[in-house]
Amino acid sequence: MTGVGGQGTILASDILGEAALLAGYDIKKTDTLGMAQRGGSVISHIRIGDHVYAPLIAEGDVDILIAFEKLEAIRWCAYLRTGGIAIINDLAVPPLSVGLGTSRYPNDKEILAAFKKITGRVYFVNGTDQAHRLGDARTLNTIMMGCISTFLPIDILTWKEAIAHRIPEKIRELNFKAFDKGREVIKHVGIG
Amino acid sequence: MSKTLTGTTKKLLSGNEAVALGAYHAGIMVAAAYPGTPSTEILENLAKHHDLNAEWATNEKVAMEIGIGSAYAGRRTLVSMKHIGLNVAVDPFMAAAITGVNGGLVIISADDPGIHSSQDEQDNRHYAPFAKVPMIEPSDSQEAYDMMAYAFSISEEFDTPAIVRLTTRIAHSNSLVEVTGTRKVPTERIGFEHNVQKYVMLPVNARFRRPFVEDRLVKLAAYTETFPFNKISWGDKKLGIITSGVSYQYAREVFHTASFLKLGMTYPPPKKMIREFCNGVDRAIVIEELDPFLQDAILAMGIAVTGKEFIPRIGELNTQIVREAAIKEGLVKGKSADTLTGTLPPLPGRPPLLCPGCPHSGVFYTLNILGKRSRLSDKSKEPEIIVTGDIGCYTLATYPPLYGMDTADCMGASIGTALGIEKANIGRKVVAVIGDSTFLHSGITGLVDAVYNNSKITVIILDNSTTAMTGHQEHPGTGKSAKSVETQAVDNEQIVRGLGVKDVQVVDAFDLKALRNTLKSCISNEQLSVVIVRGDCPTKTRRRSIPMVIDYETCTSCETCLKIGCPAIQKVKDKIFIEPTLCIGDVCSVCRQVCPHHAIEPAKTTAKG
């Protein structure tokens with residue numbers, strides 16, 4: 001799970017971890033933060049199975065890559081296994097160096113081309129748009145969890161229990177709605 | 001959280017949470033620490049409990065001394081710090097290694113292989129033989145929880161401080177923990193005994209105490225053979241792997257059939273067990289992160305093992321690195337993974353930045369202008385004003401466009417380094433920048449030296465009222481304890497004046513004109529100056545107002561605003577705009593002050609109020 005500091009990827013990985021725990025799996029999860037709060041690149045490795053040893057996943061071993069931002073998707077694409085699933089939020093957050101003119105943000109064609117070498121299963125989702133439509137940009141993480149939930153053997157009630165554990169009551173209903181929206185959205189996007 | 005069949009609870013905990021819970025259940029009554037990634041969350045978790053004292057100390061040395069005192073008084077005590085934090089605390093640590101303890105004293109050293117958030121990746125396992133104390137290394141959160149009880153028992157039974165070494169990947173990974181214990185506070189050791197031969201290390205007493213330390217090591221060497229987390233699991237006897245900590249997990253992913261000797265106590269190592277294991281396999285190898293610590297110990301036993309010949313000694317390991325090394329060494333079959341990296345377009349990096357509304361941005365922008373530091377992008381130019389830096393968020397000002405500092409060594413070093421450059425007499429003005437927490441941690445002594453030795457440098461204390469970089473911990477200057485209880489705040493202005501600094505200025509971090517005038521006069525005057533720049537960290541206070549917008553009719557795209565390095569000010573397709581969700585508005589207004597065309601104003605709202 002990759003993104004930019006402040007996008008809520010850590011909370012999302014916490015929810016996924018909690019859901020896997022409730023579903024009875026062994027789990028290891030590690031967030032390589034760098035200095036996440038300060039707008040840096042963030043990546044979380046989450047491993048779920050009967051027995052998990054290493055917390056970090058090797059390059060080429062990732063089953064599902066979920067990216068909250070496009071540059072962070074391509075940055076970590078080599079981690080995806082051949083034929084793996086990539087769920088990419090269609091959002092560009094250009095780093096400062098792009099604004100200063102010392103580097104260039106990759107275009108969609110380049111991003112897709114990079115993934116094409118690895119897999120045909122690339123889903124671009126308009127998660128940020130959907131979050132704004134729900135009235136709270138911070139629901140992006142539960143929308144993305146809704147997307148990923150369609151690929152994992154964890155039932156919906158377990159997911160919602162995990163969300164309830166991790167999200168304050170005041171905004172819980174909104175996040176359930178966002179989760180359902182994510183499940184719906186992923187079904188209607190074309191495979192890139 | 002979920003219930004297991006045996007009725008215990010399973011939790012998904014980080015290594016740090018597991019250490020805190022294990023120490024809590026082991027009955028600690030005192031915990032002291034200074035924040036430092038990746039150790040910070042240990043004390044934060046302990047501070048949530050009301051039935052123990054958990055405190056942020058001024059620095060790691062003080063934390064260690066608090067730990068020693070509390071242990072002398074018979075209480076189980078935890079002291080936690082990052083690897084380089086232990087450097088700061090080594091003086092009292094070495095003393096405690098000789099005096100021993102009474103109540104258990106456990107020191108957490110959280111190392112950072114891969115240098116995720118530090119200035120080096122020193123291997124703190126070396127401190128164990130250096131001080132002749134035991135060292136325990138968990139390989140996941142379960143062990144981090146389970147081993148704490150053992151660490152305290154060992155400390156008490158062998159009359160020694162015990163080190164539990166974590167690494168970033170253990171401290172910051174979450175894994176399942178079956179919580180088997182509950183809190184029990186031992187009472188049998190409580191009390192302080194007048195025993196100068198043990199506690200007053202006059203040379204005569206220290207000499208008396210020395211044989212005890214060697215004798216203790218012999219006893220620990222016998223104990224380590226029985227330590228339940230030192231374990232052999234026989235598999236295929238063609239290959240035997242000796243490993244510990246997180247390296248064990250990577251080795252398990254790569255070697256499915258080999259025999260394993262997994263060490264939970266890496267100092268002293270269980271020599272008998274190691275010999276038995278190595279005799280039982282055709283070839284023994286060591287897989288460990290950083291230095292050949294175990295390998296050298298085993299080689300010194302006269303056993304031929306390899307490891308660092310193919311496992312890197314720099315950086316963090318992972319499954320991929322261990323797998324590639326094993327393939328190259330012919331230990332496992334397979335071919336090296338194809339790497340895609342060469343086929344990708346060059347990607348812009350995304351380094352962490354000073355936040356929108358950061359009180360440090362205006363200071364470094366001003367230093368940049370006064371010292372013409374943006375010319376430093378041209379490598380042939382030397383800085384007109386040399387800025388010695390320190391450890392904190394503000395170290396991020398090093399990146400363009402701020403070009404904020406020329407040096408950053410360790411906590412508190414900015415002032416001493418500046419004094420040295422001044423004394424080198426190379427005809428350049430020197431400015432030291434240091435954060436409020438760092439100043440209290442170890443900057444004060446440098447400033448005492450500056451007063452005493454007639455320095456004329458300028459010291460800027462960047463006071464944002466928090467320890468921001470590690471996640472907004474309280475410190476002696478904030479007036480709040482680790483448990484968020486009001487305490488007396490230590491006032492840095494009073495300290496500076498009390499030391500005898502004559503030229504002391506206090507400036508608002510968001511008032512660029514005042515910053516410019518003050519810094520200009522302090523840097524040019526021929527006396528020691530201290531400028532305290534005050535502005536709260538907006539990421540902590542969450543204070544914000546109406547965001548700024550650019551009036552494109554007056555904007556000439558001169559890009560002056562981009563030179564602040566504010567992440568809210570972005571340029572996409574030749575157009576500069578201010579991202580409204582990031583900008584904190586008039587609370588900061590630095591961009592509004594730098595704009596030469598007055599093209600930046602708070603957004604007009606349609607609704608009133």
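What follows draws every value from the coordinates through simple rules; no lab data is involved. Treat the numbers as computed from the prediction; the structure is a model and nothing was measured. Note that each Cβ is placed from the backbone with ideal geometry, even for glycine, and that neighbours are counted across all protein chains shown.
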Self-check item: Global geometry of the range A:109-172, whether rounded, prolate or oblate, following the gyration tensor of its Cα atoms and the 1.5 cut on a/c
Solution: oblate
Self-check item: Magnitude of the charge dipole, the range A:2-188, Cβ model with Lys/Arg +1 and Asp/Glu -1, debye to 20
Solution: 380 debye
Quiz item: When DSSP assigns beta bridges and you keep just the ones with both residues in the range B:359-540, what percent turn out antiparallel, to the nearest 5?
Solution: 10 percent
Self-check item: Members of B:K61/B:K82; A:K187/B:K11; A:K29/B:K10; B:K48/B:K184; B:K238/B:K333 lying beyond 21 Å, as alpha-carbon distances in this model show
Solution: A:K187/B:K11
Quiz item: What is the antiparallel percent of DSSP beta bridges lying wholly in chain B, to the nearest 5?
Solution: 30 percent
Quiz item: Among B:S80, B:S175, what is the fewest-to-most ranking by other Cβ atoms within 10 Å?
Solution: B:S175, B:S80
Quiz item: Which helices, taking whole DSSP H runs in chain B, have alpha carbons extending 20 angstrom or more along the helix axis plus mean Kyte-Doolittle at least 1.0?
Solution: B:83-99
Practice problem: Considering Cα pairs under 8 angstrom that are at least six residues apart, work out the relative contact order of chain B and quote it in whole percent. | Solution: 10 percent
Quiz item: What is the range B:245-311 by shape, rounded, prolate or oblate, if you read a ≥ b ≥ c off the alpha carbon gyration tensor as root eigenvalues and call it rounded for a/c under 1.5, prolate for a/b larger than b/c, and oblate otherwise?
Solution: rounded
Quiz item: If each of B:K231 and A:D136 carries a label point 7 Å out from its Cα toward its Cβ, how far apart are those two points in nm?
Solution: 4.3 nm
Exercise. Give me the orientation-averaged projected area of the Cα convex hull of the range B:466-609, in nm², one decimal.
Key: 12.3 nm²
Quiz item: Where the eigenvalues come from the Cα gyration tensor of the range B:127-216, what are the semi-axes √(5λ) of the equivalent ellipsoid, largest first, in whole Å?
Solution: 31, 18, 9
Quiz prompt | Computed lengthening from B:E382 to B:I369, 0.36 nm per intervening residue step minus Cα-Cα distance | solution = 3.2 nm
Practice problem: Return the subset of A:K160/B:K262; A:K70/B:K575; B:K571/B:K604; B:K381/B:K563 for which the Cα-Cα distance in this structure is over 27 Å, preserving the input order. | Solution: A:K160/B:K262
Exercise. Could you sort B:379-385, A:157-163, B:497-503 so that the peptide with the highest average Cβ count within 10 Å comes first and the rest follow in order?
Key: A:157-163, B:497-503, B:379-385
Exercise. State whether the range B:2-223 is rounded, prolate or oblate according to the following rule on the C-alpha gyration tensor (a ≥ b ≥ c being the square roots of its eigenvalues): a/c under 1.5 gives rounded; otherwise a/b larger than b/c gives prolate, and the remaining case gives oblate.
Key: prolate
Practice problem: Quantify how strongly other chains surround peptide B:465-475 by giving the mean number of their Cβ atoms within 10 Å of each of its Cβ atoms. | Solution: 1
Quiz item: By how many nm would the segment from B:E193 to B:K456 lengthen if fully extended, with 0.36 nm per residue of separation less the alpha-carbon distance?
Solution: 89.7 nm
Self-check item: Once the Cα gyration tensor of the range A:2-188 is diagonalised, semi-axes √(5λ) in Å
Solution: 25, 20, 16
Quiz prompt | Shielding by other protein chains, A:87-98, mean Cβ within 10 Å | solution = 4
Quiz item: Quick one: Kirkwood hydrodynamic radius for the range B:548-602, alpha-carbon pairs, angstrom, one decimal?
Solution: 11.0 Å
Exercise. Using only alpha carbon pairs under 8 Å that are at least six residues apart, calculate the relative contact order of the range B:146-252 and give it in whole percent.
Key: 26 percent
Exercise. Let me know the charge dipole size of the range B:231-328 about its Cα centre in debye, to the nearest 20, where only the beta-carbon of Lys, Arg (+1) and Asp, Glu (-1) is charged.
Key: 320 debye
Practice problem: Go ahead and collect, in residue order, the members of the range A:117-135 whose backbone nitrogen is under 20 Å from a label point 7 Å along the Cα-Cβ direction of A:D180. | Solution: A:126-135
Quiz item: Going by how many other Cβ atoms sit within 10 Å of their own, how do B:C537, B:C588 line up, fewest first?
Solution: B:C537, B:C588
Practice problem: For every helix of n ≥ 4 consecutive DSSP H residues, a contribution of -39,500 (n - 2.57) applies; sum these over the protein assembly as shown, divide by its total residues, and give [θ] at 222 nm rounded to the nearest 500 deg cm²/dmol. | Solution: -10000 deg cm²/dmol
Quiz item: What FRET efficiency comes out for the pair B:T257/B:T182, r = Cβ-Cβ distance, R0 = 35 Å, nearest 0.05?
Solution: 0.30
Exercise. Could you please state, rounded to a whole Å, how far the C-alpha centre of the range A:52-73 is from the C-alpha centre of the range B:192-248?
Key: 40 Å
Quiz item: Excluding B:Q119 itself, what net charge comes from residues whose Cβ is under 12 Å from its Cβ, given Lys and Arg +1 and Asp and Glu -1?
Solution: -4
Exercise. Name the residues whose placed amide hydrogens come within less than 5 Å of the amide hydrogen of B:D111, ignoring near sequence neighbours (fewer than 5 apart) on the same chain.
Key: B:H83, B:L166, B:T167, B:T168
Quiz item: What order do you get for B:M301, B:M135, B:M148, B:M94 when you list them from fewest to most C-beta neighbours inside 10 Å?
Solution: B:M301, B:M94, B:M135, B:M148
Quiz item: For chain B, which span is the longest to avoid every loop-located (per DSSP) member of chymotrypsin sites (Phe, Trp or Tyr not before Pro) having at most 14 other Cβ atoms inside 10 Å?
Solution: B:235-551
Self-check item: Amide proton proximity set for B:Y267, modelled H, under 5 Å, gap of 5+
Solution: B:M135
Quiz item: In a Debye calculation with equal point scatterers on the alpha-carbon sites of the range B:391-474 and no solvent, what is log10 I(q)/I(0) at q = 0.14, 0.18, 0.23 Å⁻¹?
Solution: -0.47, -0.75, -1.13
Quiz item: Tell me, how many Å apart are the Cα centres for the range B:140-162 and for the range B:310-378?
Solution: 36 Å
Quiz prompt | Length released on extending from B:D291 to B:M94, taking residue separation times 0.36 nm less the Cα-Cα span | solution = 68.7 nm
Quiz prompt | Inter-part distance where the range B:72-133 and the range B:423-451 are each reduced to a Cα centre, Å | solution = 27 Å
Quiz item: Hey, got the Cα dimensions of the range B:359-540 along the principal axes, in Å, largest first?
Solution: 51, 35, 30
Self-check item: Peptide A:57-65 - average C-beta neighbours from other chains (10 Å radius)
Solution: 4
Quiz item: Check B:S244: other-chain or 5+ apart residues with amide H under 5 Å from its amide H, H built from backbone geometry?
Solution: B:L263
Quiz prompt | Antiparallel DSSP beta bridges within the range A:2-188, percent to nearest 5 | solution = 50 percent
